[in-house]
Amino acid sequence: MKHILRLVFLLLLTSPFISCDDYEDFEEDRDTVVGFVGIGGSSNVNLNPGDSRDKTAEVFVSDVSNSERSFGIEIDTAENEITTDNFTFDAQVVIPANERTAEVTITVTNNSLPEEAQRIVLKVVDSPSYVTGGRATLNSKSR
């Protein structure tokens, strides 16, 4: 009798977690999503005056295409804190055919970096043909 009560209790305990949903919408067409998914290595760049360092940021696209695709990259003016004399970046990223990722190079140069860390924030240029995703963020300061 104890075992039956335990089984009934276990069934009642797990029943809220069992789903009867179906996944009919899984095969629906969805908008392409393009965005940054990460920075190679540390996202902190501390430089002596005049020094430079290259960082790579990975761009991801949610679907695969049989032809290469190009997306614009721009500064997120609402979030960026560092003046543009301190960094450069690739203005375009090309996702090769049959691939979902590519890299953008961001070069940080200490021309006038502050002593307190501030953000460099890049994003994919908005377009009606796709949805933009994550942003690339680096924290930079002078040593």
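Taken together, the values in this text are just the output of simple stated rules run on the coordinates, not laboratory data. Since we're looking at a predicted model, the values are computed, not measured. Don't worry about glycine lacking a Cβ; one is built from the backbone with ideal geometry, like all the others, and counts go over all protein chains shown.
Below, the figures for the structure above:
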item	result
ILE75-VAL94 pseudo-label distance in nm [points 7 Å out on the Cα-to-Cβ vector]	2.6
Folded to 0 to 90 degrees: helix 2-14 orientation relative to the chain principal axis, Cα	40
Dipole of the chain [Lys/Arg +1, Asp/Glu -1 at C-beta], most positive-end residue of SER70, ILE4, VAL37	ILE4
For region 31-142, average projected area of the Cα convex hull in nm²	6.6
Among THR105, LEU13, VAL125 the positive-end extreme of the charge dipole of the chain (Cβ point charges)	LEU13
Over the chain: helical MRE at 222 nm, DSSP H runs n ≥ 4 each giving -39500 (n - 2.57), nearest 500	-3000 deg cm²/dmol
About the Cα centre, charge dipole magnitude for the chain (Lys/Arg +1, Asp/Glu -1 at Cβ), debye	820
